[in-house]
Amino acid sequence: MRFRLLAIAMVCTIVLSFSAAASAQTQTKQPSEAAKPSSPDAATDFSGVWMLDRTRPLTVVERYWMYELNEEEPPMTAWGAAQFKAAKSSFGVHAYPLAETNDSIYHSCTPPGYPRVLLHPFPMQVMQTPGEVILLFEYDSVSHPIYTDGRSHDTTLGPLWMGDSVGHWEGDTLVADTVNFNEKTWLDRVGHPHSGALHLVERIRRPNHFHLTDDITIDDPKAYTKPWTAHLDFLLRPKWTLEELYCEDQGTFDDIENNETKPAK
């Protein structure tokens, strides 16, 4: 009798041990989006296809701010306010039909500019080399290189649509400094202006494997009375590839933007 009880106890102990080990193994294999990259190299590797991480707007006010960099109206100078008043955007509280807007991307096929291109409902791909981080945008197939090889801004360049950007690493954060813009674009899709004095400082980091964040400081003394900030979140889309879209495909642009959604891939 004592032998039988001892045998039963041993079997129960073995079963419980195997169950605990299996449970621990299952928990270990559970993926976690909140987990940080496993190494410093992973933390500074932004490679991949990313999409602006925002929900579909439900109200007119949400639709208005959907295409803003900041929900508070930036402090404009008299020049900036006059430029903003003259802007006839296809988005915002007082949106104009596409036929009446003076948004040049719809009529002159001009590049959207930077940082506005970040707000369009199309993905971007980040590619990296030891001395450069390149943002490739599906929208109009434009690019924005950020040089991290220690060079200074190129003062020989004329005013640019996307600006001249150099950067450096502070731990796992890429600090990008961008200047030398022309005055032909808006900061966002509702018509906030900028001048050639625009100076952007971005702090871009990858807090976890699935997310990329961009904190932007906008400094333009001709258009705004003081610097102001914005924050953008991006979601990794590992199965997406960039499509070939150009201004000549304006109908495609209009259909997607008016529906405010990116086709599923």
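Worth pointing out:
- Peptide ranges 189-199, 79-89, 94-104 listed from the most packed, as the mean C-beta count within 10 angstrom indicates: 189-199, 79-89, 94-104
- Distance cut-off 25 Å, percentage of C-alpha pairs in segment 102-218 lying past it: 20
- Length-normalised contact order of segment 40-259 in % [C-alpha pairs under 8 Å, at least 6 apart]: 25
- Candidates Leu245, Val142, Thr101 compared by Cα position along the dipole of segment 40-259: farthest toward the positive end lies Thr101, with charges placed on Cβ.
- Ranking of Trp50, Trp186 by neighbouring Cβ atoms within 10 Å, starting from the fewest: Trp186, Trp50.
- Cα-based radius of gyration of segment 40-259 once divided by 2.2 N^0.38 Å, which approximates compact folds: 0.99
- Part-to-part distance (alpha-carbon centres) for segment 214-248 and segment 122-143, which is given in Å: 12
- Counted charge near Thr213, where neighbours are those whose Cβ lies closer than 12 Å (Asp, Glu -1; Lys, Arg +1): -3
- Under-5 Å amide H pairs with His194, H placed in peptide plane, nonlocal only: Leu187
- Given their separation in residues at 0.36 nm each and the Cα-Cα distance between them, Lys239 and Cys109 gain 43.9 nm when the chain is fully extended.
Only the coordinates and a few stated rules stand behind these numbers; no lab work does. For clarity, every value in this text was computed on a predicted model and none was experimentally measured. Backbone-built Cβ (ideal geometry, glycine too); neighbour counts: all protein chains shown.
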